[in-house]
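Asks: Before I ask anything, let me first share the structure, which is written out below as structure tokens.
The values are calculated or read from the model by the stated rules, or taken from the named source; none is laboratory data. Fair warning: this is a prediction, and the values are worked out from it, not measured in the lab. Positions of Cβ are generated from backbone atoms using ideal geometry, with glycine treated the same way; all protein chains shown enter the neighbour counts.
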Amino acid sequence: MALSKVEDLLGKGHYGAALREIGAVQIGDTLLAGEYAFILQDKTARAQFGIADRYFIRGDGANAKKFYQQAIEVATTDPTVKGIAETAGQVFDVESFGNHRVAPLAVGL
């Protein structure tokens, strides 16, 4: 039930309340603990991106940067979630992507 409440808060743009609700969620030691940790990490990042966007729109670059940074960092001890984040970081590495995919296209322009 807590995850649906978090999703509802995110959908309404109540990012701070969503982060507080996420903090109250207890996963425990279940077979699906890794999956729940991944979902919570996703929702945490979405809330932090939402807060960062609001700071950015207001012209507060320092706080926007802080929340953007928090959103892309994995704040969990679950090794499965950390592994997925590391893999995503390698797959979507901007330097590598830009050098191998975009640069050859830009040469032809």
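Asks: Looking only at the range 19-36, decide whether some residue is of a type outside the set (Phe, Trp, Tyr) and touching a Lys or Arg at 6+ places or on another chain (Cβ under 8 Å).
Replies: Checking the range 19-36: at least one residue is of a type outside the set (Phe, Trp, Tyr) and touching a Lys or Arg at 6+ places or on another chain (Cβ under 8 Å).
Asks: When the range 35-62 is examined, which residues are found to be under 18 Å from VAL6 (Cα atoms) and among the basic types (Lys, Arg)?
Replies: LYS43, ARG46 - these are the residues of the range 35-62 that are under 18 Å from VAL6 (Cα atoms) and among the basic types (Lys, Arg).
Asks: When the range 6-42 is examined, which residues are found to be polar (S, T, N, Q) and at pLDDT below 85?
Replies: Across the range 6-42, the qualifying residues are GLN26, THR30.
Asks: Restrict the check to the range 63-74 and report whether at least one residue is among the basic types (Lys, Arg) and either modelled with pLDDT under 65 or under 14 Å from ASP42 (Cα atoms) (or both).
Replies: No, the conditions are met nowhere in the range 63-74.
Asks: Anything in the range 55-74 that is under 21 Å from GLU21 (Cα atoms) and surrounded by fewer than 15 Cβ atoms within 10 Å (Cβ to Cβ)? List them, or say none.
Replies: GLN69, ILE72, GLU73
Asks: So which residues in the range 1-45 are touching a residue at least 24 places away in the same chain (Cβ under 8 Å) and of a type in the set (Gly, Ala, Ser), if there are any at all?
Replies: Those that are touching a residue at least 24 places away in the same chain (Cβ under 8 Å) and of a type in the set (Gly, Ala, Ser): GLY13, GLY16, ALA18, ALA33, GLY34, ALA37, ALA45.
Asks: Those residues that are in a helix (DSSP H, G or I), more than 15 Å from THR76 (Cα to Cα) and of a type in the set (D, E, K, R), I need them from the range 1-35; list them, please.
Replies: LYS5, GLU7, ASP8, ARG20, GLU21
Asks: Continuing with the same structure: Please work out if PHE49 is modelled with pLDDT of 90 or more and either closer than 20 Å to GLU86 by Cα or surrounded by 18 or more Cβ atoms within 10 Å (Cβ to Cβ) (or both).
Replies: yes
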